[in-house]
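Participant: Let me give you the structure first, and then I'll get to my questions.
Just so it is clear, none of the values below were taken in a lab; they were calculated from the coordinates. Quantities reported herein were computed from a predicted structural model and do not represent experimental measurements. Here the Cβ positions follow ideal geometry from the backbone for every residue, glycine too, while neighbour counts run over all protein chains shown.
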Amino acid sequence: MSTPHPLAIARRQVDGATLLVIEDHSLPIVRFVVTLCPGTLADPVGQSGLTRTLMELTLRGTEARDRYVFNAALEELGSHLSSAASMEIALYRGISLKRHLPQTLALLSEAMATPALAPDEIEGLLEEMIEGLKGDRDDDDTVAELFLRKALYRNTLLARSPQGEVPELARLTRDALKQAHQSRFVKSGLVLALAGDITPDEATALTRELLAPLPTEAAIPKLVPTRPESAPLEILVVDKPERTQVQLRVGLHGLPGHHPDVMALWLGSMAFGGTFTSPLTHEVRDVRGWSYTAHAGFDRLSRLPAPMVLRTAPASHDAVACLALELELLQGLGERGLGPETIDFARSYVLNRYPLEIATATDLLMGALRYELLGRPPEAVFEVPALVSAQSVGQVNQVLAAHLGQAHRTVVMVGTASELLGPLKERFPTAKVASVDFREGLGL
Amino acid sequence: MSSLLSAHALTEAAASASRDSHVAIQFEHSFQYNPSLGASRFRLPNGLRLVLMPDHRASVLAYQTWFKVGSRDEDPNATGMAHFLEHLMFKGTAKHPLGELDREMERRGAQTNAATWVDWTFYTQTLAATRDNLQTLIDFEADRMIGLQLDAKTFASELEVVKNERRMSVDNSPSGALSEAVYRTAYTVHPYRSPTIGSAAHLEAMQRERVEAFYKTFYAPNNAVVVAAGAIDVVETLTLLAQGYGKLEAQTLPVRAYPVEPRQIASRQFTRRDQVLTPIVVLAFHAPPQLSPDFAALEIVSEVLAVGDNARLYRRLVTDEGLASDVSAVLVPFADPGLYEVVVSGREEADPEAIVAAVQDELNKLAQGLTQSERQKAANGLELSLYDGLKDAEGCAEPLGHYEANYGDYSLMFTALGRYEGKTAEDLARVCREVFRVENRTVGITLKAGE
């Protein structure tokens, strides 16, 4: 048996919210995360970006102090506080000197309970967000991720950007934001995690104060998105002029974190493309020099079905051949699986590396929190090595065949369409090949 | 722990490890930051410096190898060599053939990486703190410090990887391309004007023989620092390090003198076109080198200028005037005079000249001093940053290696707060007046292609 982890996770219920605390008194700082579930998945149809906008607005002034006074109070403490939102969760995260933690959390409490949602701040923020979304299109990597999401989840709630779609952002109203605030910011839906120079008792007292001004009603019901129908190979070229390189993504629908096969799929994806020596990386990067990045990733702790995504960035003249190689490797993965040596090597990598990923209180913070959000005990974060060890080679290959073998491949290529479309149609005559302008969706 | 780091105990540790390894290890210096964190420096007869930081908060070993060589040491007509060599260092030696290093590190669960910049190159591994892991790391690292072997096929395929890295980070990246152009314009003679990744033409013309010569010139124990931070035993670690590296021979290092960049006496500006929807504007000012007292003053100023929503630049450009969607500032920590860069993501319709004027106006106002609230914000923010950097062994290893390799003093990592103390309002105003002169400025603007 391995030795117990030196850091313990304390879990408490505080006024209907869940609190996780990881003590580490080596430095006088405390990190914290406050989460609301779900995240942008809760945005009503036609109001994408609502949650993201609301989270940011709460940090832009309260009923008691305007944005500048609020920020001055926070910044003078040296504390950092920011918000973010994904499909699954919306969160605040922060870091504070230990001596300033009570004041920092008091400011967060004020922001959560009594945001001003001032009309001029709403207008200004929406303009900033829309400009930011335009700026995102200047980065090919970001464009690839954006269009992969759209291509993978066509016409479902998951296809929307967590940042919001420009036309819908432009229509968000203060009433919608106020309504969302009333329904979302309630004690019972919150999970808080603190790590650092703090005890569970101190954290409990501070959490109680933080939550005091919030109502206690139950959180809004979860929305369950549907997965789009499968289709044959689809290739979407996101056209951008004068590219000498292609940001290439191949996405396959995977599994949610609570699925019994998720650990085998994760281990399989790690073995396939999760290390420098894995087959994908070796073939694309080492053997052919086709791409600086060559990686397959799969999030095993997602509440929603997470895709497995292959990410490479070949030169334009190598892009079609690189895609063909990746699809060939994927086909082999589904049909023949991976050899025992490859899977056992990945297992060794994971087992030896995992302790490093949860070594410090900071490392442990998000891992424990994600298990909690998955509906599992946060201590499950310590069970990963045993679960990885338990996956046989046969199981892994069975799961790869079952979930990836027949899964349709969604391909997104950000590059110059005139150089790609012809060779793509020639190389993949049965595939559905389409092209869109990289500015699509911006209303330009 | 504190007694272990006393000079007497460390001298004894060096003596004990010397007996076990048959290599004369010299204890040079130690610094105790707090009761549980401190570091010390030793030296082998071949000049290799060893910086050890026992840190038993977690059973982790962070091992780093720093070389004092970067892109400023390259022939300006053959740029990209230091960075390309960093890639090749993972390829193989006579003892450990191609692929063995990556495979062995991954089997052990190591987090492996490397980086090259203008002044330095370093290699890093983080893995479980066991004697076997430490011994294996030392075996591989000591071996590749002098034993790299390059075959033509590996050289060629890795060169394609680096060309693709350049395509990704510069040629197809509007911000990367702009940054490269800014450095090319701001510097006229100093090698900081050359891109660390190398120009496309120089990568195309890269020759194996020249890379090998570069390697043999700069990769030597007397041009390197090894950092071991984490759950280590000092005597055991010293012994293994001495056994692994003690036989390597010191080399005669070239005397390095870099052209001094002349004082800029007139502002420079250029505009380029790229596939962007929104303009990018960079204002870059020649700034003091990292060890200058004025660098610390600029760090304080930078907290006020660019950290947080109430930071002066953010408030002026993003919030009040709606010229930008984001603004950031970077003070580059270079050994020679670097740059202070303000990077603005402009709004689609914003006039770039209005952005430049607004930034310059805010910079000019700094000469009037900071408010008490801003000074407090900077002090607390810098204190928090220091602690955040000390949060784990890996976080400590990098600054230890950086300061020791570049300046011969790892303890600068722990004494950062002291460098900020005592800066008067006049100190800050003087530095701002000197650095943020219009004549000292290079402006680079990227606008939408076709307009």
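Participant: For A:LYS425, give me every one of the aspartates and glutamates with a C-alpha distance below 14 angstrom, ignoring sequence neighbours fewer than eight places off in its own chain.
Facilitator: A:GLU234
Participant: So what is the calculated 222 nm ellipticity per residue for chain A, using -39500 (n - 2.57) for each DSSP H run with n of 4 or more, over all residues, to the nearest 500 deg cm²/dmol?
Facilitator: -12500 deg cm²/dmol
Participant: Which residues does the label zone of B:TYR258 cover in region B:289-304, counting backbone N under 13 Å from a point 7 Å along Cα→Cβ?
Facilitator: Of the residues in region B:289-304, B:289-292 have backbone N under 13 Å from the label point off B:TYR258.
Participant: By how many degrees, 0 to 90 and rounded to 10, does the Cα axis of helix A:119-136 deviate from the longest principal axis of chain A?
Facilitator: Relative to chain A, helix A:119-136 is tipped by roughly 20 degrees.
Participant: Let me ask something additional. As an exercise, use a Förster radius of 30 Å and the Cβ-Cβ distance of A:GLN182 and A:VAL45 to find the FRET efficiency, rounded to the nearest 0.05.
Facilitator: Rounded to the nearest 0.05, the efficiency is 0.95.
Participant: Taking the Cα centre of region A:125-198 as origin, work out the dipole magnitude from +1 charges on Lys and Arg Cβ and -1 charges on Asp and Glu Cβ, in debye rounded to 20.
Facilitator: On the way: 11 positive and 13 negative charges, 129 e Å.
In debye, rounded to 20, region A:125-198 gives about 620.
Participant: Kirkwood hydrodynamic radius of region B:244-338 from all distinct Cα pairs, in Å? Intermediate results must be reported in sequence, preceding the final value.
Facilitator: Working: mean 1/r = 0.0580 Å⁻¹.
When all Cα pairs of region B:244-338 are included, the Kirkwood radius is 17.3 Å.
Participant: While we're looking at this one, here's another question. Just to confirm a number: summing +1 for Lys and Arg and -1 for Asp and Glu over residues other than B:ARG49 whose beta-carbon lies under 15 angstrom from that of B:ARG49, what do you get?
Facilitator: -1
Participant: Still on this model: Once phi is turned into ³J(HN,Hα) by the Karplus curve 6.51 cos²θ - 1.76 cosθ + 1.60 with θ = phi - 60°, what whole-Hz value does each residue of region A:236-241 show in order, with x for glycine and proline?
Facilitator: Per residue, the Karplus-derived 3J(HN,Hα) values read 10, 9, 9, 7, 9, x Hz.
Participant: What is the mean number of Cβ atoms from other protein chains located within 10 Å of the Cβ atom of each residue in peptide B:34-40, rounded to a whole number? Intermediate values should be presented prior to the final figure.
Facilitator: Values: counts 2, 1, 3, 2, 0, 0, 0.
Mean number of neighbouring Cβ atoms from other chains: 1.
Participant: Search the structure for amide H atoms under 5 Å from the amide H of B:GLN269, placed 1.01 Å from N in the peptide plane, and list their residues when 5 or more places away or on another chain.
Facilitator: B:VAL443
Participant: Pairs of Cα atoms under 8 Å, at least six residues apart: use those to get the relative contact order of region A:21-104, whole percent.
Facilitator: Relative contact order, region A:21-104: 40 percent.
Participant: Within the set of other residues whose C-beta is less than 13 Å from the C-beta of A:THR114, count the net charge using Lys and Arg as +1 and Asp and Glu as -1.
Facilitator: Values: positive: A:ARG60, A:ARG65, A:LYS178; negative: A:GLU63, A:ASP66, A:GLU110.
Counting the neighbours of A:THR114, the net charge comes to 0.
Participant: Does region A:98-184 come out rounded, prolate or oblate, given a ≥ b ≥ c as the square roots of the eigenvalues of its C-alpha gyration tensor, rounded meaning a/c under 1.5 and, failing that, prolate meaning a/b above b/c? Walk me through the numbers before you get to the answer.
Facilitator: Values: a/c = 2.04, a/b = 1.67, b/c = 1.22.
Since a/c reaches 1.5 and a/b is larger than b/c, the shape of region A:98-184 is classed as prolate.
Participant: What are the ³J(HN,Hα) values, in whole Hz, obtained from phi via the Karplus relation 6.51 cos²θ - 1.76 cosθ + 1.60 with θ = phi - 60°, for each residue of region B:290-304 in sequence order, with x given for Gly and Pro?
Facilitator: 3J(HN,Hα) across region B:290-304, in whole Hz: 4, 7, 5, x, 6, 5, 4, 4, 5, 4, 4, 4, 5, 4, 6.
Participant: Follow-up. Going down the list B:LYS163/B:LYS448; B:LYS153/B:LYS448; B:LYS247/B:LYS391, which pairs span over 30 Å between their C-alpha atoms?
Facilitator: Pairs exceeding 30 Å: B:LYS153/B:LYS448; B:LYS247/B:LYS391.
Participant: Give me the lysines in straight-line cross-link reach of A:LYS187: C-alpha distance below 21 Å, same-chain residues under 8 apart excluded.
Facilitator: Result set, ordered by chain and number: A:LYS178, A:LYS222.
Participant: Determine, from the Cβ-Cβ distance of B:ASP139 and A:VAL287 and an R0 of 22 Å, the FRET efficiency 1/(1 + (r/R0)^6), rounded to the nearest 0.05. Spell out each step's value before the answer.
Facilitator: On the way: r = 27 Å, r/R0 = 1.22.
The formula returns an efficiency of 0.25 here.
Participant: Does the protein assembly as shown come out rounded, prolate or oblate by the C-alpha gyration tensor, with a ≥ b ≥ c the root eigenvalues, rounded set by a/c under 1.5 and, if not, prolate when a/b is larger than b/c and oblate if not?
Facilitator: rounded
Participant: What is the average number of partner chain Cβ atoms found within 10 Å of a Cβ in A:132-143?
Facilitator: For this peptide, the per-residue mean of nearby foreign Cβ atoms is 5.
Participant: Semi-axes of the equivalent ellipsoid of region B:295-451: what are they in whole Å, largest first, if each equals the square root of 5 times a C-alpha gyration tensor eigenvalue?
Facilitator: Details: eigenvalues 175, 68, 50 Å².
Taking √(5λ) for each Cα gyration eigenvalue gives 30, 18, 16 Å.
Participant: What is the spin-label model distance, in nm, from A:GLU217 to A:GLU440 if the labels are put 7 Å beyond Cα along the C-beta direction?
Facilitator: The two pseudo-label positions are separated by 3.9 nm.
Participant: What is the local net charge at B:PHE218, summed over the other residues whose Cβ is closer than 9 Å to its Cβ (Lys, Arg +1; Asp, Glu -1)?
Facilitator: Details: positive: B:LYS68, B:LYS216; negative: B:ASP73.
After counting each charged neighbour, the total is +1.
Participant: Explain nothing, just compute: Karplus ³J(HN,Hα) = 6.51 cos²θ - 1.76 cosθ + 1.60, θ = phi - 60°, for every residue of region B:98-113 in order, whole Hz, x for Gly and Pro.
Facilitator: So the J values, rounded to whole Hz, are 3, x, 5, 4, 4, 5, 5, 5, 5, 4, 8, x, 6, 8, 10, 7.
Participant: Report the charge-dipole magnitude of chain B in Debye, nearest 20, computed about the Cα centre from +1 at each Lys and Arg Cβ and -1 at each Asp and Glu Cβ. Working shown, then result.
Facilitator: Numbers: 44 positive and 60 negative charges, 116 e Å.
Roughly 560 debye, rounded to the nearest 20.
Participant: When N is the residue count of region B:195-301, what does its C-alpha Rg come to as a fraction of 2.2 N^0.38 Å?
Facilitator: Numbers: Rg = 21.9 Å, N = 107, 2.2 N^0.38 = 13.0 Å.
Its radius of gyration relative to the 2.2 N^0.38 Å reference: 1.69.
Participant: Please state the shape class of chain A: rounded when a/c is under 1.5, otherwise prolate if a/b exceeds b/c and oblate if not, all from the C-alpha gyration tensor.
Facilitator: oblate
Participant: At 0.36 nm per residue, and after removing the present C-alpha to C-alpha distance, how many nm does the segment from B:ARG208 to B:GLU249 gain when stretched out fully?
Facilitator: This chain segment gains 12.4 nm when fully extended.
Participant: So for B:ASP132, A:ASP140, fewest C-beta neighbours within 10 Å to most, what's the order?
Facilitator: By the 10 Å Cβ count, ascending: B:ASP132, A:ASP140.
Participant: In whole Å, what is the distance between the alpha-carbon centres of region B:1-55 and region A:415-441?
Facilitator: One Cα centre to the other: 61 Å.
Participant: Amide H of B:ILE232: which non-local residues (sequence gap of 5 or more, or other chain) have their own amide H closer than 5 Å, using H built in the peptide plane?
Facilitator: B:ASP55
Participant: Let me ask something else. What are the principal axis extents of the Cα atoms in region B:7-245, in Å, biggest first?
Facilitator: Projected onto its principal axes, the Cα set of region B:7-245 covers 54, 38, 32 Å.
Participant: Write down, largest first, the equivalent ellipsoid semi-axes of region A:234-437 in whole Å, where each equals the square root of 5 times an eigenvalue of the alpha-carbon gyration tensor.
Facilitator: Semi-axes (√(5λ), whole Å): 32, 18, 16.
Participant: Over chain A, what is the relative contact order in whole percent, taking alpha-carbon pairs under 8 Å and six or more residues apart?
Facilitator: About 21 percent, as a whole number.
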